[in-house]
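Written below as C-alpha cells is the structure these notes are about.
The values are calculated or read from the model by the stated rules, or taken from the named source; none is laboratory data. This structure is a prediction, so every number in the text was calculated from the model and none was measured. Heads up, the Cβs are rebuilt from the backbone with ideal geometry, glycines too, and the neighbour counts pull from every protein chain shown.
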Amino acid sequence: MQIRSIILVPAVLSVLISCVQMEHQSSADMNPTVQSPKTIADHEALARRYENEAKIMLAKIQEQKILIEKYDEESNRYGQEAEKGIFNTHRLRGDDENYFFAKRAKDNKLKSQALIRSYEKLAEEIMSRAALHWKVVTESK
C-alpha cells in the first residue's frame, strides 16, 4: 500500500498542479506600447511574445502526454477492471485496491486528455495572434 501511495501521490500532484489556472498575463499587465502596437518593433516584440507563450503551451502538452503514458502503465499494472467498469464486492481486498488504482489512473488519463485539448486550442489561438503581427511586420517592410 505504501509503495502505491508513493507512486500515485506525485502523479496526482502533478495533475493538480497542471490544472491550476495558467499564469496568463492580462492586457492590463502588458506594456502600454504592446497593448496598442504602433511601430514595427512593437509588432515584432508582440509576435515573439505570442510565439514564446505558444511554446510554453506545447511544452505543457508534452508533459500531459508523458503523464498519459504513465497512467496507461498504472491502469495496465493494476488490471483491466477499470476498462470494463467491473466492481465486485465479493473480491479480496487486494483486488478492490487494484480496481481503485486502475480506475483512478483512467480518470487521470481523461483529465490529461482534456487538458491537452484545451492547451492545443490555446496554442492555436496564440499562434494565430503571432501570425497576424508577423503579417503586419512583413507588409510594412
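Quick notes on this one:
- Residue count for region 112-141, restricted to those that are in contact (Cβ under 8 Å) with a residue 60 or more places away in the chain and surrounded by fewer than 12 Cβ atoms within 10 Å (Cβ to Cβ): 2
- Scanning region 45-100 for residues that are farther than 23 Å from L115 by Cβ and of a type in the set (V, I, T), we see that the one that is modelled with the highest pLDDT is I86.
- Yes/no for A105 being out of contact with any Gly (no Cβ under 9 Å at 6 or more places or on another chain), more than 28 Å from P37 (Cα to Cα) and surrounded by 14 or more Cβ atoms within 10 Å (Cβ to Cβ): yes
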